[in-house]
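Here's the structure we're looking at; comments come further down.
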Amino acid sequence: MAQQGKHTVGSGKAAIEEQEERHEERQEAGGELLSEQLAEQLRNQIVTDELKPGTPLRERTLAEQLQVSRTPLRDALKILAADGLVTLLPNRGAVVAELTPQQIEEKLDVLGVIEEFAAVRACQYATEQEVAELRALHHEMLAAYERRDRISYFHLNQRIHRGIVQAARNATLAEVHGQLNRQLYRYRYQGSVSSEIWHTAIDEHQVIIDLLSRRQAQELGQYLRRHVHRTWEQLLGTS
């Protein structure tokens with residue numbers, strides 16, 4: 001009984017310490033959990049191939065590199081695992097997830113259908129203000145392209161796609177799109193790896209914004225579905 005009580009007290013103390021650590025992390029992060037910030041930092045490193053598919057993510061090494069404790073880092077890895085960017089292996093830690101070309105193709109098939117459906121609904125439900133905001137994001141994306149700022153370009157690109165999905169006014173659609181799209185971040189980022197593919201994507205986004213502005217639902221849906229696939233097809237052609 002004494003040993004059991006000692007174990008309970010020890011476990012309780014550890015839980016309290018972990019709660020206090022999380023509270024301090026949230027305060028230091030200005031209300032956002034440090035784990036969420038770490039997840040975003042690692043997500044960018046995965047997207048840009050700083051952390052390549054199959055790379056082991058050792059907690060102790062990463063914690064030292066990022067100068068954080070292992071608790072928020074462990075939570076960050078769980079976030080990335082839920083996104084499909086990291087694979088957690090029992091008793092072996094975590095590795096950067098790797099998709100086969102067939103898996104990428106299958107996921108893009110579904111993502112294309114989702115974005116087509118979102119585009120049709122967005123033409124019906126998007127406000128003029130939302131359309132104007134998407135056009136403004138497109139101009140910001142053009143500026144990032146002129147600077148050859150790939151990571152800013154990518155994030156603005158994704159904000160446009162998410163904006164169209166949000167304008168569809170369907171929470172389930174947005175949730176499913178977000179989960180699937182995050183699994184494809186790295187491969188969609190590769191769309192700016194070549195100047196020719198990058199320039200084509202810029203031109204296509206202009207068409208997307210124009211079709212949305214004119215509320216041409218069927219045309220936009222079909223165009224957006226092709227757009228989702230085209231970059232991957234071009235990448236396969238250059239590999």
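The values are calculated or read from the model by the stated rules, or taken from the named source; none is laboratory data. All values derive from a computational prediction rather than experimental measurement. Only protein heavy atoms, including side chains, enter the accessible area calculation; ligands, DNA and RNA are left aside. Shrake-Rupley method; radii C 1.70, N 1.55, O 1.52, S 1.80 Å.
Data table
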{"read-out": "Cα gyration tensor, the range 166-239 - rounded (a/c under 1.5), prolate or oblate", "value": "oblate"}
{"read-out": "Shape call, the range 139-184: gyration tensor on alpha carbons, a/c limit 1.5", "value": "oblate"}
{"read-out": "Listed residues E204, E133 arranged by accessible area, highest first, probe 1.4 Å", "value": "E133, E204"}
{"read-out": "Gain in span if fully extended, L88 to Q102, counting 0.36 nm per residue against the direct Cα distance", "value": "2.9 nm"}
{"read-out": "K52, K107, ranked by accessible area, largest first (probe 1.4 Å)", "value": "K52, K107"}
{"read-out": "Computed lengthening from Q218 to E130, 0.36 nm per intervening residue step minus Cα-Cα distance", "value": "29.8 nm"}
{"read-out": "Computed accessible area, V228, all protein chains, 1.4 angstrom probe, square angstrom", "value": "10 Å²"}
{"read-out": "Tensor-based shape of the range 166-209 (alpha-carbon gyration tensor, a/c under 1.5 rounded, otherwise prolate or oblate)", "value": "oblate"}
{"read-out": "Heavy atoms of E50 accessible to a 1.4 Å probe, total area in Å² rounded to 10", "value": "130 Å²"}
{"read-out": "Percent RCO, i.e. relative contact order, over the range 63-141, from Cα pairs under 8 Å lying at least 6 residues apart", "value": "11 percent"}
